[in-house]
Amino acid sequence: MTTDRSRTQTHPFEIRHAIDIAAPPETVFDYVTNPKSWPEWLPSSHALDCDDRPMGFGDTFHEHWSTRTGPVDLDWLVIACDRPTLWIGLTQTSFMGPVMVHYTFEATAGGTTFTRILRNPARPKPPTAEMVERMSTEAELGLGNIKKIVETSNS
């Protein structure tokens, strides 16, 4: 029996961005792990169905998200949470396969280095250079928004 490898081949993808924020790790953690905050800083996130609080291990929530081709509904599961250093959420899409967002929070002399990693471990096809550029631009905008919002509310 032969198998069609093109149907099962995946294209793992990862993109990471980091920013220094003049606030303690707990403050940054509590803000970004509360999905209700996501539309404030991430342009593609429009609305969240969940409690207005940081999400912990095992919590689920629903996100109304958008792509260039239209709206997408995502059901998220928090698969790791170690306040205030680590948070990982997992969702599944029909067009990109599983998606994980991985947040780390490192205490620094000036506050926190926040790192956001977007992972697609089993993407059905590789992203184009244009897609990677759009994802990177949105991530950088999002991190800049987080920095501005958290530092303003923390001062």
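The values are calculated or read from the model by the stated rules, or taken from the named source; none is laboratory data. Keep in mind that what you see is a predicted model, and the values were worked out from it rather than measured. Ideal geometry is used to build each Cβ from the backbone, glycine not excepted, and the neighbour counts take in all protein chains shown. What goes into the accessible areas is simple: the full protein's heavy atoms, side chains included, and nothing from ligands, DNA or RNA. Shrake-Rupley method; radii C 1.70, N 1.55, O 1.52, S 1.80 Å.
Using Cα atoms only, what is the angle between the long axis of helix 129-154 and the major principal axis of the chain, expressed in degrees (0 to 90) to the nearest 10?
Long axis of 129-154 versus the principal axis of the chain: about 20 degrees.
Within segment 11-113, what whole-number % of the accessible surface is contributed by carbon and sulfur, with the 1.4 Å probe and all protein chains included in the calculation?
Carbon plus sulfur share of accessible area: 55 percent.
Mind checking the per residue accessible area of the chain for me, 1.4 Å probe, whole number of Å²?
On the way: 8480 Å² over 155 residues.
Roughly 55 Å² per residue, with all protein chains present.
Based on the Cβ-Cβ distance of E130 and H64, what FRET efficiency does E = 1/(1 + (r/R0)^6) give at R0 = 35 Å, to the nearest 0.05?
Values: r = 24 Å, r/R0 = 0.69.
Computed FRET efficiency for E130 and H64 comes out at 0.90.
May I have the convex hull volume per residue, in Å³, for the Cα set of segment 87-155?
On the way: hull volume 7.2 nm³, N = 69.
Enclosed volume per residue, from the Cα hull, is 104 Å³.
As an exercise, identify the trypsin sites (Lys or Arg not before Pro) in segment 1-90 lying in DSSP coil whose Cβ has no more than 15 other Cβ atoms within 10 Å.
Working: sites: R5, R7, R16, K36, R68; in loops: R68.
Passing both the DSSP loop test and the Cβ count: R68.
Between D82 and E14, what FRET efficiency follows from the Cβ-Cβ distance if R0 is 22 Å, with the result rounded to 0.05?
Calculated value: 0.60.
So what's segment 23-134 giving for Rg/Rh, alpha carbon basis, Kirkwood Rh from the mean inverse pair distance?
0.97
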